[in-house]
Amino acid sequence: MDFLEQLRALQAAEGDPAKLALAAVDLAYPALPGGERISLREALAAAAIPHWCDAAILAALLGIAAEEGQLLHAQLRRLAVVEPFPARGETAVNVHEAARLALRKSLATDRNDWFRTLSERAAGHFGNDGTAAARIEWIYHRLCAKPDEAANELEELDRDWSGTGHPEDRQALAVALQELTGSGLLNARALLWASLCIAGVRASRGETAQLGADARSLRQRACDLGDAPAEAEAECLLGDVLQVQGKLDEAQDAYVAHLAIRRRLAEQDPSDTGWQRELAVANSRVGDVLQAQGTLDEAQAAYVATLAISRRLAEQDPTNAGWQRELAAANSKVGNVLLAQGKLDEAQAAYVATLAISRRLAEQDPSNGGWQRELAVANSKVGDVLQAQGKLDEAQAAYVATLASFRRLAEQDPSNADWQRELAVANSKVGDVLLAQGKLDEAQLTYVADLAISRRLAEQDPSNAGWQRELAAANSKVGDVLQAQGKLDEAQAAYVATLASFRRLAEQDPSNADWQRDLAASHSKVGDVLQAQGKLDEAQAACVAYLAISRRLAEQDPSNAEWQRDLAVANYRLGGILQAQGKLSEAEAAYLEDLAISRRLAEQDPSNTARQRDLGATLDRLAKVLQTQWKLSAAHEAESESLAIRRRLGRNDPTSAA
């Protein structure tokens, strides 16, 4: 082939990327006989099917002998559109991205049968390799060769990897699937499941709030195709989006629809462990929204159902790491409700079970960032119980270990918003203990770190109500330190900003009990500073708002020990303001309501030192008000009971009597 023939070959390409790529053969090998150039062009087109190629892959694709594959592979390596790909071996190459995609599309359009044959051969080759990269390549080609069968295989692969896969492998899978969905080569169920998988990976990286339109579109597509499992996945994704956005009632509707489909599928074939696992997940999601709404007994019932299924699956196959992981998660969810109900010993037992499984999995594969993350969370949960039990040093040790883990993960992948968020939370929890220990400067440093991350995330996605909430909470924590340092004006500025944020969120979804509680706490903190500044009437107004919300929540769920304690504390704070104003009878009434709740909580769990201290503090305040009113006998009784509590605490733990 002379120069003019080469020029004519380029002109014949007419700017078509695929034809231009194939013309590279003519340009590189002008002296080869025409038949050999045709064979080499066929080899180049085949090499564009996978993301990388070596002699063995090329031979498998073309159905030729190994020796011929080696010869063609050596010739391909000299082409301008082919480059080395050392990540997959010394001799591995890949066709340049633009050329590869153009060649694939050309084959799929003009020679579809051959495209599917090549894809099936590629899937067959990679199907024998269990590495993550090969599994991604296998499903990529299966989706092109046998799309309907592959849709089911992708569903199973995604389910498996969501429990056991490395986060970076799931991300790589999503990138490969994104290439397919963007190329127009997929349709029907293959496109649906590829899109669901991509959305699931994005959600796992903290992008949930951005997926609302995708979730609704996928749900409709699943309905149109009559794919019940896909419809369930889309309902679950939509529920996740709505919950992150703070729309709890709508989230609950989506989760209930998700659960109904999963229950129907599980009943159709009780022996299908995959569907049993999905039923457990569906129950757990319903529990999440019920807990956020403050209906703890109903949430616990959902979590217990999840735990029962997860335990059964884990016992059925103790070697299945995914099922072990889900058993750990189920124990953790049960523990969350027990902690909220003030059942600290039971919560601790659930969290310890979670920690044991999470530690075993993390040790089994230290390179799995997902399992390292779950070990960190399990440590944090144990810390939560220890802090509630007043064991601050032990709680701090757990929180410091959690912080170290999340710092490593966040540095490993700074683009993972979920890990960044977890790092912020870990800083906050370390700060809480430091503040309780009176280490104000150290607490301030951790809170400022929390605030910096929370602000960055909130600015990154203003539609993510969860991140907006965490930014407000971070501002509040900084205010706590400033108040403890006596910087009241600065503290008040932080609290007022926090109050404005929580008011917006609470108005956005009045059914969100967590946001209502946040709003109540913000009123309380504003009131504390006003009282310290001597502005008693304004402090009283803030405290009355705090009390009103706390009473409404406590009446909504009398089993929620945290909300009952909030109501007691609100009365305690109001009593202090009324006492300072000289309104002694009103202060006495507030303290008596506080006393009734605090005594009930202390009797529910006599081993809970924090509750015993709350009861003692209320008795002390009540005694002073009674004494000022010359109700000396009642004052003496309150003082005696408070003294008995302090002595009892001192015998059990000398540091608790202070």
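Throughout, read-outs are computed from the coordinates displayed, never taken from laboratory work. Computed from a prediction, not measured in an experiment: that's the story for all the values here. Using ideal geometry, Cβ is built from the backbone for each residue, glycine included, and neighbour counts are taken over all protein chains shown.
For a test of the definition: using alpha carbon positions, the gyration tensor, and the 1.5 limit on a/c, classify the range 452-503 as rounded, prolate or oblate. Cα axes put the range 452-503 in the prolate bin. Across the range 376-429, the mean sequence separation of Cα contacts (distance under 8 Å, 6 or more residues apart), normalised by length, yields a relative contact order of 33 percent.
From the coordinates of this entry, Rg and Dmax of the Cα atoms in Å is computed, and it appears in [x] 31.4, 117; [y] 28.2, 106; [z] 28.4, 95 under the label [x]. Rounded, prolate or oblate: pick one for the range 305-461, where a ≥ b ≥ c are the square roots of the eigenvalues of its C-alpha gyration tensor, a/c under 1.5 means rounded, and failing that, prolate if a/b is larger than b/c, else oblate. Oblate.
Entry note, the range 291-422: relative contact order of 16 percent, from Cα contacts under 8 Å with a spacing of 6+ residues. When a/c is below 1.5 the answer is rounded, else prolate if a/b is larger than b/c, else oblate, so apply that to the range 46-133 with a ≥ b ≥ c taken from the square roots of the Cα gyration tensor eigenvalues. It is rounded, given that a/c, with a ≥ b ≥ c, falls under 1.5. Measuring nothing but how far apart in sequence close Cα pairs (under 8 Å, 6+ apart) lie, relative to its length, the chain scores a relative contact order of 7 percent. Separation of the range 619-635 from the range 547-566 is 27 Å, based on Cα centroids. Judged by the mean number of other Cβ atoms found within 10 Å, the most tightly packed of the peptides 135-146, 266-277 leads the ranking 135-146, 266-277. Sparse packing (at most 12 other Cβ atoms within 10 Å of the Cβ) combined with a DSSP loop state is found for none of the trypsin sites (Lys or Arg not before Pro) in the range 363-435. Between the alpha-carbon centres of the range 286-325 and the range 137-161 there is a gap of 28 Å.
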